[in-house]
Amino acid sequence: MRKIKTISLLLICVLLVAAFAVGCGAKEERLAVATGGTSGVYYPLGGAFANIISEKVGGVTANAESTGASVENVNLLNKGDVDFAMVQNDISYYAFNGVEMFDEQEPMKNLRGLATLYPETIQIVAAGNANIASVEDLRGKRVAVGAPGSGTEANARQILAAYGLTYDDIQADYLSFGEAADNLKDGHVQAAFVTAGTPTAAITDLATTHNVNLVPIPSNIAQKLIADYPYYAEVTIPAGTYRNQDEDINAVAVMAMLTVRAGLSDDVVYNITKALFENLDSLAAAHARGGDISIDTALNGMSLEIHPGAQRYYNEVK
Ligand code: GLU
């Protein structure tokens, strides 16, 4: 009798432990990655990053979400509504320090850096028939300046300002890259600002069927912008990036970075950073600029404190 009792007690214990283990195993932490519009570069690369998390890191799954991009993303991340975000390094700096467009908000102290990724070029695309050869020619024109909550829109304002122009001198439309391309096609806007890795799908599609030209930022203006805003760098958009683009175009660029919320555990961030750098081929497959990502350059242009989990990985491998 006593034996039976002991055995049944033991059995109950074993069952309880097993049920607990299954319960824990099934309970995966769900993480959210804020990206950008669906015709940008954040969206496919953020999607590839979310897949790496879901497939390669135990106990967690991740989803990529479409958003208005950088400015919206730092707000989402700082509030803890998402766990990771793709952000321009200039915008994350302004947000963390409560300057520029964030000067009336509390500094966003929950933002941490995971890695810088690839250059994002400020591309100014103009309709071929609109006679826009320089930024000055945007005066009086209807211009897509980026989605509400985008970093693009901040770049548009800064670049116009370098020419002494403001939104009072143009007709500004807050449009995503995809909307901007559609509006350029049907003539509703004459030009669009696009801050994104090249080639950007929205421009590639547009240039396939319509005549467009890229408006250059000459070196003297690029240098003036860099003096005022050190996260800009002078770059060229190589000839042939888009159909009928026969010449290199002078431009400025910032860096895309992966940011993470400070409160995410060091172990989870360590595992995810490791998985990211061990699976770079899937990012390169998602977009050409994914091929720029490397451990060697992951801290170049870093504008935030590094998350301790990511730092642990860098200490191991760098
Ligand atoms: N850098 C852009 C922005 O924050 C988004 C770029 C993209 O979607 O690839 O406005």
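FYI, it's all coordinate maths here, none of it is from the lab. These numbers were taken from a predicted model, which means no experiment stands behind them. When we count neighbours, we look across all protein chains shown, and the Cβ atoms used for this are built from the backbone with ideal geometry, even at glycine.
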Which count do you get for residues in the stretch 253-269 that are surrounded by fewer than 21 Cβ atoms within 10 Å (Cβ to Cβ) and small (Gly, Ala, Ser)? 3
Taking the stretch 128-155 as the region of interest, how many residues are of a type in the set (Val, Ile, Thr), away from the ligand (no atom under 16 Å from the Cβ) and touching a strand residue (DSSP E or B) at 6+ places or on another chain (Cβ under 6 Å)? 1
Can you pull out the residues in the stretch 81-102 that are more than 11 Å from the ligand (Cβ to nearest atom) and under 11 Å from Val33 (Cα atoms)? Asp81, Val82, Asp83, Phe84
Determine whether the stretch 153-170 contains at least one residue that is closer than 27 Å to Thr35 by Cα, aromatic (Phe, Trp, Tyr) and touching a residue at least 40 places away in the same chain (Cβ under 8 Å). no
Residues satisfying the stated conditions in the stretch 301-318, i.e. buried (at least 16 other Cβ atoms within 10 Å of the Cβ) and touching a residue at least 60 places away in the same chain (Cβ under 8 Å): Gly301, Met302, Ser303, Leu304, Ile306, His307, Ala310
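Within the stretch 293-318, how many residues turn out to be part of a loop (DSSP other than H, G, I, E, B) and out of contact with any strand residue (DSSP E or B) (no Cβ under 8 Å at 6 or more places or on another chain)?
If we filter the stretch 293-318 for residues that are part of a loop (DSSP other than H, G, I, E, B), which is where we start, we get 293-294, 298-305, 307, 318.
Filter once more, so that each one left must be out of contact with any strand residue (DSSP E or B) (no Cβ under 8 Å at 6 or more places or on another chain): 294, 318.
The total comes to 2.
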Where a residue in the stretch 280-300 is farther than 24 Å from Ser39 by Cα and its partner, wherever it lies, is part of a helix (DSSP H, G or I) and of a type in the set (A, V, I, L, M), with Cβ under 7 Å and at least six apart: Ile295/Val317
Of the residues in the stretch 30-73, those that are within 16 Å of the ligand (Cβ to nearest atom) and out of contact with any Gly (no Cβ under 9 Å at 6 or more places or on another chain) come to Gly47, Phe49, Ala50
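Of all residues being among the aliphatic types (A, V, I, L, M), within 22 Å of Ala222 (Cβ to Cβ) and within 15 Å of the ligand (Cβ to nearest atom) in the stretch 156-197, which is surrounded by the most Cβ atoms within 10 Å (Cβ to Cβ)? Just the residue, please. Spell out the reasoning first.
Pass one, the stretch 156-197, residues among the aliphatic types (A, V, I, L, M): 156, 159-162, 165, 170, 172, 175, 180-181, 184, 189, 191-192, 194, 196.
Next, only the ones that are within 22 Å of Ala222 (Cβ to Cβ) stay: 156, 159-162, 165, 170, 191-192, 194, 196.
Now narrow it down to the ones that are within 15 Å of the ligand (Cβ to nearest atom): 156, 159, 192, 194, 196.
Working: Ala156: 27, Ile159: 25, Ala192: 29, Val194: 28, Ala196: 32.
Restricting to residues being among the aliphatic types (A, V, I, L, M), within 22 Å of Ala222 (Cβ to Cβ) and within 15 Å of the ligand (Cβ to nearest atom), the top hit is Ala196.
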